[in-house]
Amino acid sequence: MITAILMVTLVVADLGAAERAYAEWLGYQVTDRGIISTQQAADWNVSAVAGSRFVLLQSASGADVHLRLIERPPTEGFAAMRTHGWNSNEILVEDPAALERKFSTPDSPFRVIGPTATLGSNSSVIAMQALGPAGELNYFTRIPPEGGTFIKTPAQSFVDRSFIVVLGGPSMQAMRDFYGAVLGNPATPPYRSIVSVLQETLDLPKDTQTALALVPISPAFLIELDEYPPITTPRPRRADDLPPGMAMVSFTVEDLDARPLDWHAAPAVRREAPYNGRRAGIVLGAAGEWIELVERRIDK
């Protein structure tokens, strides 16, 4: 069973620009940088990625949740929220409105596409949506000190960690079945809601409602499942490469051997940060999303 979000991996065309955006505008700190080794690429079954530059970042709060940027060429036919897979990274912040004002300056690498507003049934939970330097979609969300319905942990720095990842796929039932039956994290019953950023991206009627469900992980993390309309498509991917955009989400689990899984990349011990000697493997979800499972225990 998934216990926490450990890392979100973004594929970016310009590593320097993406690093500056997250470091200078969001206060993220670089904790590691280097080149994806041949062994690491082989562990992921993506030989084309060997030799690619990467940066590992962490929020100013120091939370053990990481953002990994990997530099790869653009993939033809890809755009955020138009294809199946991981489509949005939701980040805890203290003041979305103040962040929106910061992003309004002409030199900002973040472009606001959803102004600050209440989110969901709890009027004290507010969020703003912005596209980042690589076209990635971020939600910047304030959870009140008393907590929200599912998430009980407010931001510990002006811009803090990822706490929700959003998956888009063609079948709600298939996504719910995968996280519940395969990974052991049951989803809530689906409900319908207006997702304005999706409507605008796909040019849908303003009253279009999207089926949503939530996969609670802990009081600090969850996964949102969005059932995308038929005009969306599977994500294009070059041979032996990572998916473009929000490529992969890494989650911790107690025991990689607890459930029979169909591994896309079999578990292997990883020495580099943030794995630090733990086993990790990759499975593909019902929407084609790449899910990296990292064992909590250390393999000595």
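Just a few scattered comments:
- Residue within the range 95-109 that is over 21 Å from Leu26 (Cα atoms), of a type in the set (Gly, Ala, Ser) and touching a residue at least 60 places away in the same chain (Cβ under 8 Å) present: no
- Residue count, the range 1-37 (criterion: out of contact with any helix residue (DSSP H, G or I) (no Cβ under 8 Å at 6 or more places or on another chain), more than 30 Å from Ala187 (Cα to Cα) and hydroxyl-bearing (Ser, Thr, Tyr)): 3
- The strands (runs of 3 or more DSSP E) found wholly in the range 103-188 and carrying at least 3 residues that are among the β-branched types (Val, Ile, Thr) and more than 25 Å from Phe251 (Cα to Cα) occupy 111-119.
- Among the numbered conditions (1) within 19 Å of Ile126 (Cβ to Cβ); (2) without any contact (Cβ under 8 Å) to a residue 60 or more places away in the chain; (3) among the hydrophobic types (A, V, I, L, M, F, W, C); (4) surrounded by 14 or more Cβ atoms within 10 Å (Cβ to Cβ), the only one that Ile194 does not meet is (4).
- Per the listing Ala17, Ala80, the residue uniquely part of a helix (DSSP H, G or I) and either surrounded by 18 or more Cβ atoms within 10 Å (Cβ to Cβ) or in contact (Cβ under 8 Å) with a residue 60 or more places away in the chain (or both) is Ala17.
- Among (1) closer than 28 Å to Leu202 by Cα; (2) crowded, with 18+ Cβ neighbours inside 10 Å; (3) of a type outside the set (S, T, N, Q); (4) modelled with pLDDT of 95 or more, the one test that Asp107 misses: (2)
- Residue match in the range 23-34 (condition: at pLDDT 95 or above, over 22 Å from Glu200 (Cβ atoms), buried (at least 18 other Cβ atoms within 10 Å of the Cβ) and of a type outside the set (Ser, Thr, Tyr)): yes
- Given (1) surrounded by fewer than 16 Cβ atoms within 10 Å (Cβ to Cβ); (2) in contact with a helix residue (DSSP H, G or I) (Cβ under 9 Å, 6 or more places away or on another chain); (3) of a type outside the set (Phe, Trp, Tyr); (4) within 18 Å of Glu136 (Cβ to Cβ), number of the condition Pro205 does not satisfy: (4)
- Within the range 37-53, the residues that satisfy the criterion of being surrounded by fewer than 21 Cβ atoms within 10 Å (Cβ to Cβ) and in contact (Cβ under 8 Å) with a residue 24 or more places away in the chain are Gln40, Asp43, Asn45, Ser47, Ala48, Arg53.
- Only a single criterion out of (1) outside any strand (DSSP E or B); (2) under 20 Å from the mean Cα position of the chain (by Cα); (3) closer than 30 Å to Pro145 by Cβ is not satisfied by Thr31, namely (1).
- The lone exception for Ala63 - which of (1) touching a residue at least 24 places away in the same chain (Cβ under 8 Å); (2) buried (at least 16 other Cβ atoms within 10 Å of the Cβ); (3) assigned to a helix (DSSP H, G or I); (4) among the hydrophobic types (A, V, I, L, M, F, W, C) it fails: (3)
- Strands (runs of 3 or more DSSP E) within the range 255-300 that include 2 or more residues buried (at least 16 other Cβ atoms within 10 Å of the Cβ) and charged (D, E, K, R): 278-284, 290-295
- In the set Asp160, Asp177, only one residue is acidic (Asp, Glu), more than 19 Å from the chain's Cα centre (by Cα) and at pLDDT 95 or above; that residue is Asp177.
- Residue match in the range 72-85 (condition: more than 25 Å from Pro267 (Cβ to Cβ), acidic (Asp, Glu) and under 18 Å from the mean Cα position of the chain (by Cα)): no
- Filter result (farther than 19 Å from Leu26 by Cβ and buried (at least 18 other Cβ atoms within 10 Å of the Cβ)) within the range 126-149: Gly148
The values are calculated or read from the model by the stated rules, or taken from the named source; none is laboratory data. A quick note: this is a predicted structure, and the numbers were derived from the prediction, not measured. In this analysis, Cβ positions are derived from the backbone assuming ideal geometry, glycine residues included, and neighbour counts consider all displayed protein chains.
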